[in-house]
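Chemist: My questions will all concern the structure given below.
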Amino acid sequence: MLEEACSASAHVAVQLKQDRDRYAELGRRLRAAPPTSILTVARGSSDHAANYCAYLIMARLGRIVASLPMSLVTLNKAPLQAHNALAIAISQSGQSPDVIAPIRYFREGGATTVALVNDASSPLATNAEWAMPLHAGAELSVAATKSFIASLVAGALLAGHWQDDPAFLAALETLPEALDTASQCDWSAALDVLTPATNIMVVGRGISFPLALESALKFKETSAVQAEAFSGAEIKHGPMALIDEGYPLLIFATRGPTQAGLLTLAEEMRGRGAKVLLAAPDNIPERDLTLPTAAAPDLDPIVAIQAFYVMAAKLSIARGMDPDRPRHLSKVTKTS
């Protein structure tokens, strides 16, 4: 896991050199014939990447994006209106039937279908009109790391080319160096808090909420910590009842309009006795963990998760576990 996570920068460098013309052509197609509806199709870590892609599309293009409950297609056989829709599937393996079936359904119904997928020969790739390989290479660790980072980059490429924003696309080109820097971040302070932990709340908001979702999943997968992800706006709607003296919280306060509220939340939770791990950029003096930053704030989650992955792999080992072989899990999950 650690080796694959740290290799992400090299794979992203390859990814950024490949398929440029196809992303540009897809962007032109979407501008010329805007979809009437947009949905994402994904599971697990890929669904967290889809959450990030959806947020970029909504924030930068003003288009509403929904996450498809796949059982509507696979089990309920609902008569969904597919004509002129845009369906974006994200998957590492491209093998799960409940991801493949909706893409096939929407393509047959007249939608534009896009697959951001690591295995370019997979059934998902062959069923989508636009198959965009992630170029992350084979991933042996059960816990996805470099393929997740490549999925985030692919989502950003899709949004950037659709918007046709040269500055954002130029910022994407600097990601390999930023990821290398992120992999060297010292998050050892988190190990002191989390090695003995039995549970944790992971908090983000807006562009950083996918970070919270992915981090909580990795805590569960690789360290058997009961971790739950919440938006900073939701903490006071019930979850705060769980927080007592010594309760650990990891708060991702990335740059942007949601940062101020998350910093205030961290201060309030400290006042309640929680063990707060505030991850924030180096201009935030009250931070516990330094968040790396990218050339554009909307890309900060990509480098932030890189720093987290390095810590998560070390945490798993510190807790006497094997991050490469989480119990009860397999690399490819197939559901219908």
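Chemist: Rounded to the nearest 500, what is the chain's calculated 222 nm mean residue ellipticity when only DSSP H runs of at least 4 contribute -39500 (n - 2.57) each, over all residues?
Modeler: Calculated at 222 nm, the ellipticity per residue is -14000 deg cm²/dmol.
Chemist: Sort 315-321, 203-209 by packing, meaning the average of other beta carbons within 10 Å per residue, with the highest value first.
Modeler: 203-209, 315-321
Chemist: Using a 1.4 Å probe on the protein chains only, how many percent of the accessible area of segment 172-307 belongs to carbon and sulfur?
Modeler: Ligands and nucleic acids excluded, carbon and sulfur reach 49 percent.
Chemist: Kindly identify segment 212-331 as rounded, prolate or oblate by the Cα gyration tensor criterion: order the square roots of the eigenvalues as a ≥ b ≥ c, call it rounded if a/c is under 1.5, otherwise compare a/b with b/c, prolate if a/b is larger, else oblate.
Modeler: It is oblate, given that a/c is not under 1.5 and a/b is not larger than b/c.
Chemist: If the cut-off is a Cα-Cα distance under 15 Å, which aspartates and glutamates reach LYS275, setting aside same-chain residues fewer than 8 apart in sequence?
Modeler: Candidates past the 8-residue exclusion: ASP192, ASP244, GLU245, GLU267, GLU286, ASP288.
Chemist: I've got another one for you. Using a 10 Å cut-off on Cβ atoms, rank the peptides 261-273, 38-50 from the highest mean neighbour count down.
Modeler: Descending packing order for the listed peptides: 38-50, 261-273.
Chemist: Per residue, how large is the accessible surface of the chain? Use a 1.4 angstrom probe and give square angstrom.
Modeler: On a per-residue basis, the chain sits at 41 Å².
Chemist: Sorting check: for 5-15, 64-74, which peptide has the highest mean count of neighbouring beta carbons within 10 Å, and how do the rest follow?
Modeler: Result, highest mean first: 5-15, 64-74.
Chemist: I'd like the accessible area for GLU286: 1.4 Å probe, protein heavy atoms, all chains in place, Å² to the nearest 10.
Modeler: The accessible area of GLU286 comes to roughly 80 Å².
Chemist: Charges only on Cβ, +1 for Lys and Arg, -1 for Asp and Glu: so what's the dipole of the chain about the Cα centre, in debye to the nearest 20?
Modeler: Dipole size: approximately 840 debye.
Chemist: With both bridge residues required to lie in segment 65-222, what share of the DSSP beta bridges run antiparallel, to the nearest 5%?
Modeler: Counting DSSP beta bridges with both partners in segment 65-222, the antiparallel share is about 0 percent.
Chemist: Non-local amide H neighbours of LYS275 (under 5 Å, H modeled in plane, Pro and chain starts lacking H): which ones?
Modeler: Amide H neighbours of LYS275, under 5 Å, 5+ apart: GLY246, TYR247, LEU249.
Chemist: A follow-up question, please. Once neighbouring chains are kept in place and the probe is 1.4 Å, which whole percent of the accessible area of segment 51-160 is contributed by carbon and sulfur?
Modeler: Solvent-exposed carbon and sulfur of segment 51-160 make up 55 percent of the total.
Chemist: Continuing with the same structure: How much net charge surrounds LYS146 when only the other residues with a Cβ under 9 Å from the Cβ of LYS146 are counted, with Lys and Arg +1 and Asp and Glu -1?
Modeler: -2
Chemist: Sticking with this one: Quick one: net charge around LYS275, please, counting Lys, Arg +1 and Asp, Glu -1 for every other residue with C-beta under 13 Å from its C-beta.
Modeler: -2
Chemist: Can you list which of the DSSP-assigned H helices in the chain have a Cα extent of 15 Å or more along the long axis and an average Kyte-Doolittle score of at least 0.0?
Modeler: Span-like helices here: 44-61, 146-163, 209-223, 259-271, 300-318.
The values are calculated or read from the model by the stated rules, or taken from the named source; none is laboratory data. Since this is a predicted model, take the numbers as computed values, not measurements. Note that we place each Cβ from the backbone using ideal geometry, even for glycine, and neighbour counts take in every protein chain shown. The accessibility values were calculated without ligands, DNA or RNA, using every heavy atom of the protein model including side chains. Shrake-Rupley method; radii C 1.70, N 1.55, O 1.52, S 1.80 Å.
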